[in-house]
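A quick write-up on the structure given underneath.
Taken together, the values in this text are just the output of simple stated rules run on the coordinates, not laboratory data. Bear in mind the structure is a predicted one, so any value in this text is a computation, not a measurement. Reconstructed Cβ throughout: ideal geometry from the backbone, glycine too, with neighbour counts over all protein chains shown.
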């Protein structure tokens, strides 16, 4: 699956490079052809709108006459009777017993853990050998007969 990506990229590069040759040849051919004259644009004629008759005038409405208001005084409201004052009985004066304060249980102390120490020196990185070891059995070709 990993080798498919480079093959796809190579195929894409080859396709683009070959298509650019065809495109440039097609563009050159289009540039060498004589330009065709553009057709003259004719706008259609718009018919004129018919004229509308004038609107009729708004008729005048007669003025409404209101009858006069009566001049008799309004009746007076009767007086509202007053309610007697109510008295509430006194509250009892008994003392409310106080509740004892609850005591929380004591928790055992948490164990203390020591933090690991951070090393101050960086350990050395092992080196990778740059020479390939030779195997005596595979180093020389077989003798020819």
- Message: When only alpha-carbon atoms are used, what values of Rg and Dmax, in angstrom, describe the chain?
- Response: 55.8, 152
- What distance in nm separates the simple spin-label points at residue 69 and residue 31, each placed 7 Å from Cα in the Cβ direction? 9.5
- Taking the Cα atoms only, what angle lies between the long axis of helix 4-32 and the longest principal axis of the chain, rounded to 10 degrees? 80
- Whole-number Å³ per residue for the convex hull built on Cα positions in the range 52-112: 417
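Can you divide the C-alpha Rg of the range 1-68 by 2.2 N^0.38 Å and report the result to two decimal places?
Numbers: Rg = 38.4 Å, N = 68, 2.2 N^0.38 = 10.9 Å.
Taking the Cα Rg and dividing by 2.2 N^0.38 Å, one obtains 3.52.
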